[in-house]
Amino acid sequence: MYAQNGTRDVFGAGILGRVVGLLDRIPTDLDPNILSTEETTELVRQALRLLWHCGNDTKGRNEVLKADGVRVVTQFLSDHDPRVREATVCTLNVVALETKGKEEVLKHSLELLANLLHSKKKLLIFTKQVYS
């Protein structure tokens, strides 16, 4: 993903829209008999990381926005796993590089971002698990 044009094959193929669609269904449609909680968490984290890395390109950001990605991604700001929350913040950060992305973040993410920033417990857990 960090190689020059490393994500170009992803753009225009509908993949990012499908990833956003998958993330939108996870909280309600996922059968716990298929994936464990740990596997589901890792699936979400990797899907968010894909959106984050593809969002480093204008084409990727616009595809995520077109797929209503900010609304969908925002729900993971309150996830139990600090790595998922980190990937969520990073995804929202790159999408917000576009004017439409800023508008969408203000519309969908403001309250949960504020809750995350004001929660000392969540930030301490985040710091301990990610950086220790």
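The values are calculated or read from the model by the stated rules, or taken from the named source; none is laboratory data. All values derive from a computational prediction rather than experimental measurement. Heads up, the Cβs are rebuilt from the backbone with ideal geometry, glycines too, and the neighbour counts pull from every protein chain shown.
Here are the numbers for the structure shown:
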| item | result |
| --- | --- |
| Positions within the range 9-19 being farther than 11 Å from residue 54 by Cβ and assigned to a helix (DSSP H, G or I), in sequence order | 17, 18 |
| Qualifying residue in the range 49-57 (condition: exposed (fewer than 14 other Cβ atoms within 10 Å of the Cβ) and either modelled with pLDDT under 95 or assigned to a helix (DSSP H, G or I) (or both)) | no |
| Test: residue 57 is of a type in the set (Asp, Glu) and within 19 Å of residue 119 (Cα to Cα) | no |
| Conditions (1) farther than 14 Å from residue 23 by Cα; (2) at pLDDT below 95: number failed by residue 85 | (1) |
| Meets criteria (at pLDDT below 95 and surrounded by 17 or more Cβ atoms within 10 Å (Cβ to Cβ)) for residue 123 | no |
